[in-house]
1. If r is the Cβ-Cβ distance from residue A:144 to residue A:242 and R0 is 22 Å, what FRET efficiency results, to the nearest 0.05?
2. Report Rg/Rh for segment A:58-100, rounded to two decimals, where Rg is the Cα radius of gyration and Rh the Kirkwood radius.
3. Please determine, in degrees from 0 to 90 and to the nearest 10, the orientation of helix A:274-284 with respect to the longest principal axis defined by the Cα atoms of chain A, where the helix direction is its Cα long axis.
4. With axes computed from alpha carbons, what is the tilt in degrees of helix A:328-339 against the longest principal axis of chain A, rounded to the nearest 10 within 0 to 90?
5. Just to verify a number: FRET efficiency for residue A:400 and residue A:369, C-beta to C-beta distance, R0 = 25 Å, to 0.05?
6. Can you tell me the order of A:307-317, A:44-54 when each peptide is scored by its average per-residue count of other Cβ atoms within 10 angstrom, highest first?
7. Calculated from DSSP H runs of 4 or more alone, at -39500 (n - 2.57) each and per residue, what is the 222 nm mean residue ellipticity of chain A, nearest 500?
8. What is the distance, in nm, between label points placed 7 Å from the Cα along the Cα-to-Cβ direction at residue A:261 and at residue A:164?
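Just so it is clear, none of the values below were taken in a lab; they were calculated from the coordinates. Predicted model, so just to flag it, every value in this text is computed and none were measured. A quick note on method: Cβ atoms are made from the backbone with ideal geometry, for glycine too, and the neighbour counts reach across all protein chains shown.
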RNA sequence: GCCGCGGUAGUAUAGCCCGGCCAAGUAUGCGGGCCUCUCGAGCCCGUGACCCGGGUUCAAAUCCCGGCCGCGGCACCA
């Protein structure tokens, strides 16, 4: 019987979600990439293409490339610190990349391709005002748009002038020739290069060295080919871009990689949009990118969500084209199952109420309590003085206490309640064994010695609100380390965010962030 | 408005390409029970879905058409 359960359990574990096969994938030949814009930290939504691309590359023993797409120093100006922040988040997620590229450092490459494209008659310089182009385009007269009819020679000459800085911002662009009557107007002769006055908006990496900048569609398309990307995994919002880029590939005689589009990934009850984060940061003045209310990778990490959880949830959601809205309960449950066997248990009382216990049959007793009920995670000792002592219990447990009730102080002894007040609870020693507690159907509650304890503050993210709870923790908490994910017994899983050691050992103060039940 | 893509339980996902084995599987949530020195974990039972309408077929979640709903794109952003 037991064996059967065991087997069923193992089978269930083996049903681990697998990624569907990639179309046209050949083992050892798959090359994928993650191409973030380093203008912000990455969040769960961005982590999706990163994790999927990386996992597919691994699955086929291929190559995974990290590429920073920082070709807009004006509207989406890169943040110098974002490059490293993104690398850190990826490393934390367990993602390793075989090659790394930064587009702003590859400008000559794009210029070269642009020249070839012009030579092939696939692009032209448009030095007319934007409204003029739009008029021709929207009236279906794009075939007769004068700049489009220019000779290759003239285009090359104008292109050189662009590069030399003869045009100011908005005065000229290089356009890729597409189907002039494509049903989607935005596809018609899309812009490959535009001019950005980098003396006014310098690029954090290359300053004002360049004024002619490739657009996303040009740079990404060129790099995907040059770097030998075989499979592109990207969100659905890029569908039209795929259509646009294929025109470039046709001009160049390149083969377009396989593309997989997936829907959006939202995390219910968490802040995910850049603007909302900035709003909060602005309003409170102190919110950081790793604010535990944010669905940034840094925010989730700080909250005690483990990398494995994020990877699993992304693999579980897979590559469907529909949007997915993950509930936090689901994420929490997954995280709990990973973290539970490794998390030390600590006793913390929130909103402490003093408990005076008399008639203790000892002068001093040391309780040795394991850090985990099942796993071997070591133990700690808690000293209780006698014949009378003061402890703290949680105010939330007050409702369990009535005169005459038997209550067990977890992992220690049983008491009989004598008097319950809001300021003080009085009790007397009853017995020590757990069996005795069971016999009286005693409630088991956590407790903290009054003589030695640490101050605890818990930050609880709840949607837009970050509430705080104050409490006291058992002495062992003083040696907890920052980053440790543990469980406050009968309270929930938390991550230790700060450990502030005071003058005396006994006045340690810790700040924890609530993760989930 | 114009282009495009989707719609399986509260949430997520499997099945859809190659119709029948699907009166639809799994996880989570929810309800109940057991177990446990935690309101955690574990175990058992239950709950609950194929957007709607036509068509094709002996047979449709799976194929076709229409509708409805949702999402994305329509930048000299990525």
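1. Numbers: r = 28 Å, r/R0 = 1.28.
Once rounded, the FRET efficiency stands at 0.20.
2. Working: Rg = 12.7 Å, Rh = 11.9 Å.
Using Cα coordinates only, the ratio equals 1.07.
3. Helix A:274-284 and the main axis of chain A meet at about 50 degrees.
4. So the helix axis and the longest Cα principal axis differ by about 70 degrees.
5. On the way: r = 21 Å, r/R0 = 0.84.
FRET efficiency, residue A:400 to residue A:369: 0.75.
6. Numbers: A:307-317: 19.0, A:44-54: 24.2.
Peptide ranking by packing, descending: A:44-54, A:307-317.
7. Working: 13 runs with 148 residues, N = 517.
About -9000 deg cm²/dmol.
8. 4.2
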